[in-house]
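See below for the structure under consideration.
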Amino acid sequence: MDGNQNPSRPRRLHHAAWVTKDMEMTRQFYEDVIGIPLVATWIERNPKTGLEYCHTLFEFEDRSTLAFFQWGDEADNPRDQNSPGHVAFECDAQTQGAIKARLEAAGVAIRVTDHGYCVSLYAHDPNNLKLEFTVDHPDSEDISQTSRKTAHADLRRWVSGDHRINNDFRAR
């Protein structure tokens, strides 16, 4: 493909994500010290593995976010904090579909996950960087407003050991 052509490309950075062992310490650093507000705390269970996890989102002025993941079994199964995490790009459904088709045509393994509040297409680049191409839910503005109201309480609940799922948008 010619480098000057831009068929169906992502619109902006959606989020960049990393693993954390201490979600509250991470919140204090990014929100209280750096000044990036916590706007969502999602507590979920992987539908395939049953593994509980929490991820938080800290939002920049352009609405892109910095995300952190903490696994519910971290004490028993510690994760490498040197993981590269992943970079997510926001796009519309048509663009995501076109990227998916190009990845499949190139023989790249993909995974699609419907998180409820967005649908994500995952793949790895040739350098093993995990990429995500995400399409936000049509009601993403309302979902964002709702999650902003409960983000801190949800995080306190997770940190205290209460891992009840709070993502009512995800298909069960």
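Using a 10 angstrom cutoff on alpha carbons, build the Gaussian network for the chain and name the most mobile of Asp125, Asp22, Asp114.
Taking springs between Cα atoms under 10 Å, the residue moving most is Asp125.
Which order results if Phe69, Phe133, Phe29 are arranged by neighbouring Cβ count within 10 Å, fewest first?
Fewest-to-most Cβ neighbours within 10 Å comes out as Phe29, Phe69, Phe133.
Run through the stretch 92-166 and list the trypsin sites (Lys or Arg not before Pro) located in a DSSP loop whose Cβ has at most 13 other Cβ atoms within 10 Å.
Counting only loop positions with at most 13 other Cβ atoms within 10 Å, the trypsin sites (Lys or Arg not before Pro) in the stretch 92-166 are Arg164.
Can you give me the angle between helix 93-105 and the longest principal axis of the chain, using Cα atoms only, in degrees from 0 to 90, rounded to the nearest 10?
Between helix and principal axis, roughly 70 degrees.
Are there trypsin sites (Lys or Arg not before Pro) in the stretch 1-73 that DSSP marks as loop and that have at most 16 other Cβ atoms within 10 Å, and which are they?
Arg11, Lys21, Lys48, Arg63
Tell me, in nm to one decimal, what length is gained between Trp18 and Asp142 on full extension, where the rule is 0.36 nm per residue of separation less the Cα-Cα distance?
42.1 nm is the gain from fully extending Trp18 to Asp142.
What value, in deg cm²/dmol to 500, does the helix sum -39500 (n - 2.57) over DSSP H runs of n ≥ 4 give at 222 nm once divided by the residues of the chain?
-7000 deg cm²/dmol
Once all Cα-Cα distances of the chain are split into 5 Å bins that start at 0, what whole-number percent is in each one?
For the chain, the binned pair fractions read 1, 8, 15, 21, 21, 17, 9, 5, 2, 1, 0 percent.
So in the stretch 12-159, what percent of DSSP beta bridges are antiparallel if you round to the nearest 5?
Here the antiparallel bridges make up roughly 75 percent for the stretch 12-159.
Once you've got the GNM for the chain with C-alpha springs shorter than 10 Å, pick whichever of Ser140, Ser160, Ser64 has the biggest mean-square fluctuation.
Between Ser140, Ser160, Ser64, it is Ser160 that shows the largest mean-square fluctuation.
Please list, in chain and number order, the residues 5+ apart from His163 or on another chain whose amide H is under 5 Å from its amide H, with Hs placed from the backbone.
none
Between 0 and 90 degrees, rounded to the nearest ten: what's the tilt of helix 140-159 against the longest Cα principal axis of the chain?
Value to nearest ten degrees: 40.
Would you work out the charge dipole size for the chain about its Cα centre, treating the Cβ of every Lys and Arg as +1 and the Cβ of every Asp and Glu as -1, and quote it to the nearest 20 debye?
Magnitude of the dipole: close to 300 debye.
Around Gly35, with a cut-off of 12 angstrom between Cβ atoms, what is the net charge of the other residues, counting Lys and Arg +1 and Asp and Glu -1?
Charge balance near Gly35 sits at -4.
Laboratory data are not the source of any read-out in this text; all were calculated from the coordinates shown. Keep in mind it's a predicted model, so treat the numbers as computed, not measured. Note that each Cβ is placed from the backbone with ideal geometry, even for glycine, and that neighbours are counted across all protein chains shown.
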